[in-house]
Structure formats: C-alpha cells, structure tokens
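Peer 1: Just dropping this structure here.
The values are calculated or read from the model by the stated rules, or taken from the named source; none is laboratory data. These numbers come from a predicted model, not from an experiment. Here Cβ is always computed from backbone atoms with ideal geometry, including for glycine, and neighbour counts include all displayed protein chains.
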Amino acid sequence: MNKLSLLLFTIFSVLPLFACQKSPVSTNTLDNKNYINNFELIHDNTNNNTRVKITSPHANLDPSNNNIEITDSSIEIFNTKGNDIKIKSGISNLNNYKNLIRVYKNVNITLIKNKDSYILTDSFDWDLTKSIIELNNPLNINIDNTTISSSNGFYNINLGQLEINNNILNRKVYNKEGENIYQIKIISDFGKWIKDKNTLEFNSIDKQVETTVNFSKY
C-alpha cells in the first residue's frame, strides 16, 4: 500500500435541510408552482457548530410535494474549525419525500479559504437520513500541484473518509526556485482519504499499485 499526504477538504454532518429556516423572499405563483426570486435557505446545526446556507437568484417550489428546484445554486458550509466549503452548481433539487438533495450540472466543490483546491463533477446525491454523500459521476480533483481523476466515490461524513475508485494521481514537485524537479504518477483501483491522519491511501485488487517517478531536466 502506498501513502501520500495530501491536503483535502472535509464535509461535515448530515443536515436536515427540510427543517431549515428560510429568509424572506419574493414569490410569484404560476402553473401551480411558486417561483421564488432571491432564494435563501439557512440551517444552523448546534450539534457540531455548523451552518449551511443555500442561495440562488431563482428557485421553484412545487406545492403538491414541497420539492424545491434551485437554479444556479450556491451551497456554503461553515464550521468553527475554519474548514469552510462552497458548492456551486447549475441546479439543485431538494426532494422532501425522499429526504434527498441532488446537486448537478457543472458542480464545483471548493474550500472557501483555498480556491485552488477543488473537485469538479457532474452531480452528487445526499440522502439526508444517512452520513454518506454519493459522488456517483467521474471526479476531477485538484489540490495545489496534485490532480486526481476518479470514476466515482463517496464521502462518509461520520467517519471523515473519502473513498474513490479507478484513480490516476499526478503530482508535480518543485524546488525552492520554482523549477519542476520530478513528477509522481500513481494508478490504483481504490483510494481512501482519512481525515484524522490527513493521508490518502491507495490499493488495488490482485495487483500492485503502479507508482512512477519521472525526473525533469532543467
């Protein structure tokens, strides 16, 4: 098993967004739906000192099931440790019947204090009754000089673990003059980021993890 220390992000506890407090918004009714301008939804979780804020210039509320479709959504997760996260997407759907929020269309997950670290994906699903966020589409992860491409994965909020599948990691290492001295490439079936150790572990089934180091000439 190969280990590589990386700085990643963390996402905190499952938050019942259907119980959130909603700020005043402008609402119009048409075709049995409520069209909400300047949408804002805020939830404070006192159990872990976490706040979730969802904002959008436009959202649709379906009165028949209370489901909300949020356009150009911005989801911000704040906590006292400073690991603040911002999730931007074209559309988010909050399904109150299934207690599920689905975020999709150009999803960008970043650390608010470090915008150079981010994950790009098409969509993810979050069952609000569970501690798992399903990252069920290809992932492009960028952390400083490290990039990881993965087919899919999931994040366990309670354990603080990110697990990813079919991974290719590329990392560039520079000297103090800013010159690239070598590059590391790791190919594996599985990868796991562990929050408490702040490490990324790789392993594969019935074969070794492929690790290649290429030294640059400068």
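Peer 1: Among the listed residues Val107, Val103, which satisfies the condition of being surrounded by 15 or more Cβ atoms within 10 Å (Cβ to Cβ) and closer than 21 Å to Leu169 by Cα? Even if it seems obvious, please write down each step before you answer.
Peer 2: Details: Val103 fails: closer than 21 Å to Leu169 by Cα.
Checking each option against the conditions leaves just Val107.
Peer 1: Related question: Suppose we filter the range 24-65 for residues that are in contact with a Phe, Trp or Tyr (Cβ under 7 Å, 6 or more places away or on another chain), at pLDDT below 90 and under 17 Å from Ile87 (Cβ atoms); how many remain?
Peer 2: 2
Peer 1: Quick one: how many residues across the range 189-206 are without any contact (Cβ under 8 Å) to a residue 40 or more places away in the chain and either on the phi < 0 side of the Ramachandran plot or in contact with a strand residue (DSSP E or B) (Cβ under 6 Å, 6 or more places away or on another chain) (or both)?
Peer 2: Total meeting the criteria: 8.
Peer 1: Take Val213 and decide whether it is exposed (fewer than 13 other Cβ atoms within 10 Å of the Cβ), more than 21 Å from Ser117 (Cα to Cα) and either modelled with pLDDT of 90 or more or of a type in the set (D, E, K, R) (or both).
Peer 2: Yes; evaluated as a whole, the condition is true for this residue.
Peer 1: Now a separate question. Pull up the range 194-207, narrow it to residues that are part of a strand (DSSP E or B) and not aromatic (Phe, Trp, Tyr), then point me to the one that is modelled with the highest pLDDT.
Peer 2: Asn203
Quick grid of which residues meet (1) within 30 Å of Asn60 (Cβ to Cβ); (2) more than 15 Å from the chain's Cα centre (by Cα):
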site	(1), (2)
Leu94	yes, yes
Asn114	no, no
Ile119	yes, no
Asp127	yes, no
Ile143	no, no
Leu162	no, no
Ile168	no, yes
Val173	no, yes
Glu201	no, yes
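Peer 1: Look through Asn156, Asn96, Asn108 and report the one residue that is touching a helix residue (DSSP H, G or I) at 6+ places or on another chain (Cβ under 6 Å) and either modelled with pLDDT under 95 or more than 19 Å from Trp193 (Cβ to Cβ) (or both).
Peer 2: When all the criteria are applied, what remains is Asn96.
Peer 1: Still on this structure, please answer the following. crowded, with 16+ Cβ neighbours inside 10 Å, at pLDDT 85 or above and within 11 Å of the chain's Cα centre (by Cα): does that describe Asp72?
Peer 2: Numbers: crowded, with 16+ Cβ neighbours inside 10 Å: yes; at pLDDT 85 or above: yes; within 11 Å of the chain's Cα centre (by Cα): no.
No: the conditions fail for Asp72.
Peer 1: Right, next: Out of the range 169-193, which residues are within 22 Å of Ser204 (Cα to Cα), surrounded by 14 or more Cβ atoms within 10 Å (Cβ to Cβ) and modelled with pLDDT of 85 or more?
Peer 2: Leu169, Asn170, Arg171, Gln183, Ile184, Ile186, Ile187, Ser188, Asp189, Phe190, Gly191, Lys192
Peer 1: Could you tell me which numbered condition Tyr118 fails, if it satisfies all but one of (1) crowded, with 16+ Cβ neighbours inside 10 Å; (2) hydroxyl-bearing (Ser, Thr, Tyr); (3) under 26 Å from Gln208 (Cα atoms); (4) modelled with pLDDT of 80 or more?
Peer 2: So the condition that Tyr118 fails would be (3).
Peer 1: Another question about this same structure. If we scan the range 93-100, do we find a residue that is among the aliphatic types (A, V, I, L, M), outside any strand (DSSP E or B) and farther than 18 Å from Tyr155 by Cα?
Peer 2: The answer is no, given that none of the residues of the range 93-100 is among the aliphatic types (A, V, I, L, M), outside any strand (DSSP E or B) and farther than 18 Å from Tyr155 by Cα.
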